[in-house]
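Just dropping this structure here.
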Amino acid sequence: MTSFADLGLDPKVLSAITDAGYETPTPIQAGAIPHALQGRDVLGIAQTGTGKTASFTLPMINMLSRGRARARMPRSLVLAPTRELAAQVAENFDVYAKNTKLTKALLIGGVSFKEQEALIDKGVDVLIATPGRLLDHFERGRLLLTGVQIMVVDEADRMLDMGFIPDIERIFQLTPFTRQTLFFSATMAPEIERITNTFLSAPEKIEVARAATTNETITQAVVQFKPTRRDRAAKEKRDVLRALIAAEGEKCKNAIVFCNRKADVDIVAKSLSKHGLDASPIHGDLDQSQRMATLDKFRNGELKLLIASDVAARGLDVPSVSHVFNFDVPSHAEDYVHRIGRTGRAGREGNAFTICVPSDEKNLAAVEDLVKMTITRVDCPVDFGAQKSEAPAKSDTASDAPAPQSSRSRSRRKSDDEAPKAQQDKDTAKPARSNSSNKGGRGRNGRDEPVVGMGDHTPAFLLRSFKKAS
Ligand code: AMP
């Protein structure tokens with residue numbers, strides 16, 4: 001079996017790896033590191049949990065140990081799709097580079113430009129950034145990318161989902177043609193293929209097992225039910241979620257609850273808190289310090305339930321999560337694998353429950369198709385038949401709150417993990433169905449009501465009612 005010592009890494013890097021407690025390289029590390037050290041471009045098809053961060057960070061540290069950084073001209077660049085992932089790369093860098101004098105800067109949204117600019121001005125060896133924030137700095141004229149010798153693109157498929165590909169292309173063009181590129185993606189969508197064909201030079205392709213198969217240590221179950229009424233589906237899903245958490249009892253040490261929409265992340269978190277559970281939301285609309293604080297609490301065991309969107313939770317490394325609850329079936333089947341992969345890590349037991357109402361069934365079929373198994377159905381823990389006449393629980397007022405409108409959907413995309421349009425459409429709750437008053441014409445009370453799209457300028461003839469000629 002390959003050992004880290006066989007990979008050609010510097011003794012300083014090797015000793016940091018030993019201190020980190022790693023004994024043998026993972027397949028992506030064994031595959032990528034020797035080629036990266038030879039200066040080759042690498043195309044790594046691997047996802048989070050495979051050790052891919054070290055597979056690019058270790059050779060970078062090794063190669064950058066010769067030479068010095070110049071003001072405003074970083075020597076290497078790592079692009080990650082979200083603030084959390086960028087911060088995670090930065091943390092990894094600190095661990096592996098502890099025996100070197102290499103410097104780094106983390107450029108992510110939600111942190112003041114000034115502090116980041118001060119670091120860039122001093123000169124950094126490694127710049128770790130989200131694409132939006134990096135381009136913001138570039139446009140302010142405070143950053144030159146012509147000194148970049150190594151460029152890493154991490155989680156390219158997520159960049160694609162978030163609409164960052166044009167930004168990535170632009171960044172590629174701002175760096176020297178002679179740079180070395182280490183490019184990582186969990187899947188090779190045609191658009192990703194095109195980018196790699198354009199910007200990578202004869203890359204060494206290393207593919208490690210896709211996570212289309214779910215971990216055997218995870219017990220998976222689907223709770224399928226039909227809401228009593230369509231407009232009660234969300235509330236009844238929250239009832240089911242609470243009942244599932246309660247039924248798991250002590251077994252549920254901590255959990256991530258995934259929702260497809262950001263608005264639901266907030267509503268579910270509020271609803272659980274109102275019912276006395278220890279829950280906090282995490283999604284792209286929360287400010288950076290809030291997100292970091294919530295994550296830290298969850299990692300430290302001070303927070304039991306983390307309610308998350310796929311974008312916010314993707315790639316997060318929380319070693320011990322006993323349960324994952326899918327409030328909805330994800331609309332991208334691969335997200336199911338990523339979601340439940342948060343539990344059952346490193347051989348531990350994990351539990352994943354998925355709530356499925358009829359509108360989720362199509363997505364469930366796609367998931368089962370991907371994982372090539374039928375997920376066990378379990379009984380719904382709530383009997384809505386018996387509850388039909390019950391008024392909604394008073395304490396669940398969150399359920400009645402209007403879905404908070406994403407401020408980002410209104411403003412120009414400014415930075416990092418603020419997903420452009422396509423992703424926002426996916427992440428933002430659809431507005432409630434318009435009621436009859438929005439349909440225009442005469443309302444039931446006989447008063448003229450606005451015609452949608454006409455504002456105050458509806459021509460009078462459109463509002464006239466038709467009477468039979470007598
Ligand atoms: P990543 O896929 O980079 O997010 O890494 C997933 C987890 O695996 C992180 O917690 C790393 O610290 C850990 N890890 C990475 N490489 C190794 C290794 N060779 N041996 C043991 N753990 C590792």
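Mind checking the dipole of region 4-207: about its Cα centre, +1 per Lys or Arg Cβ, -1 per Asp or Glu Cβ, Debye to the nearest 20? Please report the intermediate quantities before stating the final value.
Numbers: 22 positive and 24 negative charges, 179 e Å.
Dipole size: approximately 860 debye.
Taking +1 at the Cβ of each Lys and Arg and -1 at the Cβ of each Asp and Glu, which of Thr48, Thr26, Gly8 sits farthest along the dipole of region 1-55 towards its positive end, judged by Cα position relative to the Cα centre?
My answer, from the dipole projection, is Thr48.
Which three semi-axes in whole Å describe the equivalent ellipsoid of region 4-207, each the square root of 5 times a Cα gyration tensor eigenvalue, listed largest first?
Details: eigenvalues 110, 87, 46 Å².
Here the semi-axes work out to 23, 21, 15 Å.
Still on this structure: Under the Karplus relation 6.51 cos²θ - 1.76 cosθ + 1.60, θ = phi - 60°, what is the ordered set of whole-Hz ³J(HN,Hα) values for region 37-48, x standing for Gly and Pro?
With the stated coefficients, region 37-48 comes to 5, 7, x, 6, 6, 10, 10, x, 9, 7, 10, 4 Hz.
Enumerate the calculated ³J(HN,Hα) couplings along region 64-76 in order (Karplus 6.51 cos²θ - 1.76 cosθ + 1.60, θ = phi - 60°), each rounded to whole Hz, writing x wherever the residue is Gly or Pro.
Coupling constants for region 64-76: 7, 5, 9, x, 10, 7, 10, 3, 6, 10, x, 8, 8 Hz.
Here's something else I'd like to know. Convert each backbone phi in region 244-258 into a coupling constant with the Karplus relation 6.51 cos²θ - 1.76 cosθ + 1.60 (shift: θ = phi - 60°), then list the ³J(HN,Hα) values in order as whole Hz, x for Gly and Pro.
Running phi through 6.51 cos²θ - 1.76 cosθ + 1.60 with θ = phi - 60° gives 5, 4, 5, 5, 6, x, 4, 4, 8, 6, 7, 8, 10, 9, 9 Hz.
Continuing with this model, one more query. For Val152, what residues show an amide H to amide H distance below 5 Å, using hydrogens built from the backbone and excluding near sequence neighbours?
Those qualifying (amide H under 5 Å, at least 5 residues apart or on another chain) are Leu77, Val78, Leu79, Leu182.
Moving on to the next point. Taking a ≥ b ≥ c as the square roots of the eigenvalues of the Cα gyration tensor of region 217-258, is the shape rounded (a/c under 1.5), prolate (a/b larger than b/c) or oblate?
Values: a/c = 2.55, a/b = 1.95, b/c = 1.31.
Prolate is the answer for region 217-258, as a/c is 1.5 or above and a/b outweighs b/c.
At 0.36 nm per residue, minus the direct Cα-Cα distance, what do Thr146 and Asn99 gain on full extension? Give it in nm, one decimal, please. List each step's numbers first, then the result.
Numbers: separation 47, 0.36 × 47 = 16.92 nm, distance 2.73 nm.
Length difference between fully extended and current span is 14.2 nm.
With charges set only on the Cβ (+1 for Lys and Arg, -1 for Asp and Glu), what does the dipole of region 106-220 come to about its Cα centre, in debye to the nearest 20? Before the final figure, lay out each step's value.
Details: 11 positive and 17 negative charges, 59 e Å.
Computed about the Cα centre, the dipole is about 280 debye.
Full extension from Thr24 to Glu191: what is 0.36 nm times the residue separation minus their Cα-Cα distance, to one decimal in nm?
Values: separation 167, 0.36 × 167 = 60.12 nm, distance 3.39 nm.
Taking 0.36 nm per residue and subtracting the Cα distance, the gain is 56.7 nm.
Once the piece of chain linking Glu250 and Gln173 is laid out straight, how much longer is it, given 0.36 nm per residue of separation minus the C-alpha distance between them? Could you put the intermediate results ahead of the total?
On the way: separation 77, 0.36 × 77 = 27.72 nm, distance 5.34 nm.
Computed gain between Glu250 and Gln173 is 22.4 nm.
Sticking with this one: Give the long-range amide H neighbours of Ile307: residues separated by 5 or more places, or on another chain, with amide H under 5 Å away, using H modelled in the peptide plane at 1.01 Å from N.
Here the answer is Val257, Ser280, Ile282, since their amide H atoms fall under 5 Å of that of Ile307.
Let me ask something else about it. Of the peptides 333-342, 127-136, 351-360, how do they stack up when ordered by the mean number of other Cβ atoms within 10 Å, highest first?
Highest to lowest by the protection proxy: 127-136, 333-342, 351-360.
Please figure out what share of the DSSP beta bridges in region 4-207 is antiparallel and state it in percent, rounded to the nearest 5. Walk me through the intermediate numbers first.
Working: 1 of 25 bridges.
The antiparallel proportion sits near 5 percent.
Relative contact order for region 218-389 using alpha-carbon pairs under 8 Å, separation at least 6, rounded to a whole percent?
Numbers: 294 pairs, mean separation 60.0, N = 172.
The value is 35 percent.
Also, quick follow-up: Among rounded, prolate and oblate, which fits region 242-357 when a ≥ b ≥ c are the square roots of the eigenvalues of its C-alpha gyration tensor, a/c under 1.5 means rounded, and a/b larger than b/c means prolate?
Here region 242-357 falls in the rounded category.
Laboratory data are not the source of any read-out in this text; all were calculated from the coordinates shown. Only a predicted model underlies this, so the values are computations on that prediction, with no experimental measurement involved. With ideal geometry, Cβ positions are generated from the backbone for all residues, glycine too; neighbour counts draw on all protein chains shown.
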